[in-house]
Structure formats: C-alpha cells, structure tokens
1. List every residue pair whose Cβ atoms lie under 6 Å apart, where the two residues are 6 or more positions apart in sequence or sit on different chains, the first residue falls within the stretch 195-221 and is farther than 25 Å from residue 175 by Cβ, and the second residue, located anywhere, is surrounded by 12 or more Cβ atoms within 10 Å (Cβ to Cβ) and among the charged types (D, E, K, R).
2. When the stretch 3-52 is examined, which residues are found to be in contact with a Ser or Thr (Cβ under 7 Å, 6 or more places away or on another chain) and of a type in the set (Lys, Arg)?
3. Which of (1) surrounded by fewer than 16 Cβ atoms within 10 Å (Cβ to Cβ); (2) in contact (Cβ under 8 Å) with a residue 12 or more places away in the chain is the odd one out, the single condition residue 28 does not satisfy?
4. I'm checking my understanding of the structure. Among residues of the stretch 74-131 that are of a type in the set (Phe, Trp, Tyr) and closer than 17 Å to residue 30 by Cα, which one is nearest to the chain's Cα centre (by Cα)?
5. Scan the stretch 14-48 for residues that are among the small types (Gly, Ala, Ser), closer than 18 Å to residue 77 by Cβ, in a loop (DSSP other than H, G, I, E, B) and touching a helix residue (DSSP H, G or I) at 6+ places or on another chain (Cβ under 7 Å) and jot them down.
6. Taking residue 135 as meeting all but one of (1) surrounded by fewer than 21 Cβ atoms within 10 Å (Cβ to Cβ); (2) free of Cβ contacts under 8 Å to residues at least 60 places away in the same chain; (3) among the β-branched types (Val, Ile, Thr), write down the number of the exception.
7. Given (1) touching a residue at least 24 places away in the same chain (Cβ under 8 Å); (2) in a loop (DSSP other than H, G, I, E, B); (3) over 25 Å from residue 1 (Cα atoms), identify the lone condition not met by residue 225.
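All of the numbers you see were taken from the coordinates with simple rules; none came from a lab. From a predicted model like this one, the values you see are computed outputs, not experimental measurements. Note that each Cβ is placed from the backbone with ideal geometry, even for glycine, and that neighbours are counted across all protein chains shown.
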Amino acid sequence: MRIGVFHFPTDYGIGIAELARALEDRGFESLFVCEHTHIPTSRRSPFPGGGALPKRYAHTHDPFVALSFAAAATRRLLLGTGICLVPQHDPIVTAKSVASLDLLSGGRFLFGIGAGWNAEEMENHGTRFETRFQVMRERVLAMKALWTREEAEFHGRFVDFDPVWCWPKPAQRPHPPILLGGETDHTLRRVVAFCDGWIPRAGRGDFDPQDAMARLRRAAEAAGRDPASLPVTVFRGPTEPAALAAYREAGIARVLLDVPDLDRDAVLRLLDGYVPLLAAAGG
C-alpha cells in the first residue's frame, strides 16, 4: 500500500514546489491537490463538513498550474487532483491541461474527479446542481475521446462537438487513470461504468476497508469489470499504524494523509511525523 498526501494549495501556505520536493525526499508516493475555482459569498450551500467554511476553500491555486510547479520540482512523485470539479470545467480545455501535464511530467498524473457540492459555485459555471453527475459523465467521456482519437468528436446532451484535432496526447495510455470520489452506491456504479479507480473518504472513523472493498468488488463484477483493475485510494486516511495495517490487509492501494494549509515550518514538521507511517503501510 502506498502513502500520499492531499493538500489545499493556497496563496498563504507552504509553496507547492517546496512541498512536492519535501514529499519526494521523504519517500511519499503522491501529492493530490484540492480545488475550488471560487466560493460564492451567498453560502446557500451548507458546508458538508459542518460549521463555517474554512478559509482555504476560497484561496486555492488552480490545480493544473500548481501541479505543474510540483512536477517541475520533482522526478518521481505522482501528481493528482483530489478532486477536480469536472462540471465546472470546459472539457476541451481540461483535456488539453490533463494531457499537457501528464506528458510534461513523464506520465505522473492521476485524474481525481468529482461533481461537487456547492450549487452556487457550479451555477456560476453554467451547470445546474440537479444535472451535475450527468454533466460530469459526458465531459469525462468527451475527454477520453480527445485523448485517444486522432480525430475526436462527441455528441451528447451537455457536450457536443464535431470532429477536431487536439494534441498533445497524454504520456499514459490510453489516458491517465480517472479516479472518482464519493462513497455512495451511485458513486460505485459510476466508477465501474467509466472510471479507473475509486476515492472514498475515510470520514470520522466509520470507514470499514473490508466493507468498502467488498462493495467495490460486487459493483465491478455486476458490470463485468475486474475489481483488481479499479484500485482504491482512501482520502483523509488514518494516521495510526494499526489502522493502516488493516487498510493494507483489505487491499486498499493508496492512503492520502492530510497536509493542512499551514506555513513551511509547520508542514515540514508534520511530514517528519508522518514518515514512520510509510513503513507501517508497507509501501
């Protein structure tokens, strides 16, 4: 099992390039960055975590720009979006960003995706909350066409374009892994329908890795997919060695630990405290 981190890259916290170098130097596998394009001031959509919305949500760098800096500062570290809010992105522009980052990083990109929870935020991008999952699906399928075909076209309800040329193509074939976030059975059906992996959140101690793997296995087999081809990345994983061992034994592929939006010195101290967990995870 591999250990990475997730982080909100902000304009006031540790620099993304320094964080990436520190992770690679300490032996972490991956860096996933969170995203919000902006935060509407209305606050009509309640924060899923409860209480006031943390400051970092309104201060994140663009994920593809941030990961480009991280890629340039490292050689082996995997680079992921955790998650990219696909309903808020033009699929042609995003396909080019993904392909460019994957190619320039030497095939190190992992495309974590989701539909989002902030209705006002996605409405500002022209997406209705009620259809966000349908929009996400069509945009992912359209991007797959752009990555894999010399002349790509797509005709759907939300995405529609005639044959186009779009380069570069990603370094990874047929494209970078697409990992879908969420915990519901609906999420699992989407994972097995058009994705390459699953990113459930560990939550507040109620995540059962054995149950999660069993649910994924049932969904994959029902869809005629090999469960082994759909690795599981757990978001906000535990920091106790015994819990990590249970995740490894269940077959979890990757655990992402939280690196908060703190200054350089605080983050580096936190990473040093996480290092012993690498051995506990066996990765």
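1. Hits for this filter: 202/236.
2. Result: 21, single match.
3. (1)
4. 111
5. Across the stretch 14-48, the qualifying residue is only 27.
6. Only one criterion is unmet by residue 135, namely (1).
7. So residue 225 meets the others, but not (3).
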